[in-house]
1. Quickly run through the range A:106-130 and pick out the residues that are in a loop (DSSP other than H, G, I, E, B), within 21 Å of A:D154 (Cα to Cα) and at pLDDT 90 or above.
2. Output the number of the condition that A:G58 fails; it satisfies all remaining conditions of (1) more than 9 Å from every other protein chain (Cβ to nearest Cβ); (2) loosely packed, with under 13 Cβ neighbours inside 10 Å.
3. Condition check: over 17 Å from A:D211 (Cα atoms) and in a strand (DSSP E or B). Does A:E59 satisfy that?
4. Check A:A219 against each of (1) surrounded by fewer than 16 Cβ atoms within 10 Å (Cβ to Cβ); (2) in contact with a Gly (Cβ under 9 Å, 6 or more places away or on another chain) and name the one condition it does not meet.
5. So, in the range B:41-61, how many residues would count as being in contact (Cβ under 8 Å) with a residue 12 or more places away in the chain, surrounded by fewer than 17 Cβ atoms within 10 Å (Cβ to Cβ) and closer than 28 Å to A:Q85 by Cβ?
6. I need the full set of residues from the range A:106-131 which are within 14 Å of chain B (Cβ to nearest Cβ) and either touching a Lys or Arg at 6+ places or on another chain (Cβ under 8 Å) or more than 25 Å from B:Q8 (Cα to Cα) (or both), in order please.
7. Could you check the range A:55-83 and list, in sequence order, the residues that are basic (K, R) and in contact (Cβ under 8 Å) with a residue 40 or more places away in the chain?
8. How do the helices (runs of 4 or more DSSP H) wholly within the range B:116-214 filter down when requiring 1 or more residues that are at pLDDT 70 or above and either within 14 Å of chain A (Cβ to nearest Cβ) or out of contact with any Cys (no Cβ under 6 Å at 6 or more places or on another chain) (or both): which remain?
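The values are calculated or read from the model by the stated rules, or taken from the named source; none is laboratory data. Given the structure is predicted, the values throughout are model-derived calculations rather than measurements. Cβ placement follows ideal geometry from the backbone for every residue including glycine, while neighbour counts extend to all protein chains displayed.
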Amino acid sequence: MDYVLEVKDLRKKYQGFTLNDVSFRLPHGTITGLIGPNGAGKTTTIKLLMNMIRKNSGEVKIFGLDYSNNEKEIKNRIGYVGEEQYFYQNKTIKWTEKFVSGFYKNWDPEMFENLIRKFQLPLNKKIKKFSKGMKVKLSFAVALSHNPELLILDEPTSGLDPVIRREILDLLLELKQKEELSVFLSSHITDDLFRISDQIAYMVDGEIIIDEFKDDLLARWKKIIFKTESLQAEVENGLINVEKQLFGSSGITDRYSEIAGSLEEGLKKGDIKIENVNLDDILISLVNGE
Amino acid sequence: MWKLIRIQFINYLRYIIPLGIFLAFYFTEFYEGGKLPVFVFLCFWAFLLISGSLSTSESYEEKNNGYRILSSLPITDREIVRSKFLMVFCAVTMITLLNVILLIIRLQSVEGLGMKIMIGILWGVFCLHYGALMYIGIFKLGYTRMTKYFWTAFLFTIVLMVFFVGDVLSGLKIGIDSLNKFSESLLWIPIAIAGVIVYYFLYKYTIRIKEISEEV
């Protein structure tokens, strides 16, 4: 498999927090969602990917290159939207385009103009008068107008109202159709990630505890609803988040493919029911199962 | 990098345009009366240009998180530092050259000329170092924190100079005659060249500071 981003044993130490030997890979043409609670280390990871802060150790390779001698080339091929949108506040979009375009080799003014039109952003209004949503849209326009091969997005939908959030997610889904574009995005909004990601990485306390394709994750994690004594003791003891229900109990397993055979009889009798889980169920189970 | 240089050049231009107006005014109104030597004015101006344009542009960058904007763009820390140092160097060199040329053009007598040229050039080197130290502070601490420490140290140095340098110079018996002899010996030329070399090393050091610094 071809990887656009490879991170190996990445470490960053702050007082009271350590990003602890994080490793993951982003396959070409996929969307990877980095999820985790606030303070888990998502923004630190993304800033390290952008070379905005200095790592203590480890390796970051983007397009097979590292930052030490290839920063310009890497950043020419990356589009970035940060958690906060930084622009020169008393300037207009026109000025911003003129300023930013000078740094990129492949700046496409037509694409920028189209995106600005699509987002209905005013060209001559000062950016300090923009709402948060308008600034996010402008960030996307800047990030996409130099035909990036990799988009790095840090909580792009956080703090936005539902309408604009939906617009941004639709844009990401639209981008998903472009096979040459890979996306790495962080969020703590699981619904957003679940809708658009191919691969999910889950980070807690500076460590990645899940890094898997969404389909594999969903195939492995299932909710089992069962009548009392219809499950083998071994299977029942292995369930996470077991809850008593009106007609029996329910629990979540992360080993569905391994135990599927032992559930067949119960399924036939109607004593056992299997349901798909969502990302929230998995994350809560992981936290409770620790 | 050229993009950054162009933006900074515009910033410097704000200071250079009033300089031109002042010089035009100066030559028509004041010079004939000899009230203020243009040499002193230009030395003062070089310092003001570096100090003023650097302060306005850096406080503007800090207010707008300019370095965070740059850190997401395809430009290296090395290029950012290079563009800043190059502009300081060009501005100081231009003013110092202007000063020397004007001194020669308006020359009434040879007396004291060598000393003035020497002081003008050494002052230029001082302005270069001043700019470099400002940038080291900015990239290490950020503009606001830098100014807090830098200006305190700077004012303290000025006060020390005002109160003690005169005494020290008279104690060492360094008067106008000694300065004249020093300027005639041309020993100040290697000192000035060494000053420019030190500026180059300060530039190299600033790159290192910028490269290991977290976001400014």
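1. So the first thing to find is which residues in the range A:106-130 are in a loop (DSSP other than H, G, I, E, B), and the list is A:106-108, A:119-126, A:130.
Keeping just the survivors that are within 21 Å of A:D154 (Cα to Cα) gives A:119, A:130.
Across the range A:106-130, the qualifying residue is only A:F130.
2. The number of the failed condition is (2).
3. yes
4. In the conditions (1) surrounded by fewer than 16 Cβ atoms within 10 Å (Cβ to Cβ); (2) in contact with a Gly (Cβ under 9 Å, 6 or more places away or on another chain), A:A219 misses (2) alone.
5. 3
6. Applying the first criterion (within 14 Å of chain B (Cβ to nearest Cβ)) to the range A:106-131 yields A:106-107, A:126-128, A:130.
Answer for the range A:106-131, where residues must be within 14 Å of chain B (Cβ to nearest Cβ) and either touching a Lys or Arg at 6+ places or on another chain (Cβ under 8 Å) or more than 25 Å from B:Q8 (Cα to Cα) (or both): A:K126, A:I127, A:F130.
7. The first filter runs over the range A:55-83 and keeps only residues basic (K, R), leaving A:55, A:61, A:72, A:75, A:77.
The answer is A:K55, A:K61, A:R77.
8. Details: elements: B:143-160, B:166-171, B:176-185, B:188-212.
Those helices (runs of 4 or more DSSP H) span B:143-160, B:176-185, B:188-212.
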